[in-house]
Amino acid sequence: MHISSRDRTVIWSCVVVALLASLGGSLWNLYERIWWFDEVLHAFTTFTLTLLLAVFLYGIVLQGAQTRPILFVLTVAGLGLAVGALWEIVEWIYDQLVAGNAILGKRDTMIDMGMDAIGAVTAGIISTGIIKRQR
């Protein structure tokens, strides 16, 4: 499968934006200053990582984007939710080791996971379109 240079550029640009937004959020205390920043960043980062994995890894291995697009979207969304769960585990470990305050309780974690789900499903839908175009 050949991924167009335009699609590659868009995907890698999203990765850079997600990394810069995360870094900027920490440097300029945006997580505290803007109430919705963490939620939007969860959705966007999970979307970006899931899209990256779906197009560059899953798209090579799985053929379902052509024949079973709904199953493909759900499989990719599951991958994205796994990424989100790992993110929450890393936040918890950070809090344990650095005495941080990344975890703000169950409500925060559930909102984060909900935003991760939105990003993961969106990545599944978009990656299906990208993969279909490339075949």
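The values are calculated or read from the model by the stated rules, or taken from the named source; none is laboratory data. Since the model is a prediction, treat every value here as computed from it, not as a measurement. Methodologically, a virtual Cβ is constructed for each residue, glycine included, from the backbone with ideal geometry; neighbour enumeration extends over all protein chains shown.
Being surrounded by fewer than 16 Cβ atoms within 10 Å (Cβ to Cβ), over 21 Å from Gly124 (Cβ atoms) and aliphatic (A, V, I, L, M) is a condition met by no residue of the range 8-15. When you look at Ala82, is it small (Gly, Ala, Ser), modelled with pLDDT of 85 or more and closer than 29 Å to Ser4 by Cβ, yes or no? Yes: the conditions hold for Ala82. Within the range 52-60, does at least one residue satisfy the condition of being surrounded by fewer than 17 Cβ atoms within 10 Å (Cβ to Cβ) and either at pLDDT 95 or above or not in a helix (DSSP H, G or I) (or both)? No - not one qualifying residue is present in the range 52-60. When the range 1-39 is filtered for residues that are over 19 Å from Ile111 (Cβ atoms), among the charged types (D, E, K, R) and either touching a residue at least 12 places away in the same chain (Cβ under 8 Å) or not in a helix (DSSP H, G or I) (or both), only Asp7 remains.
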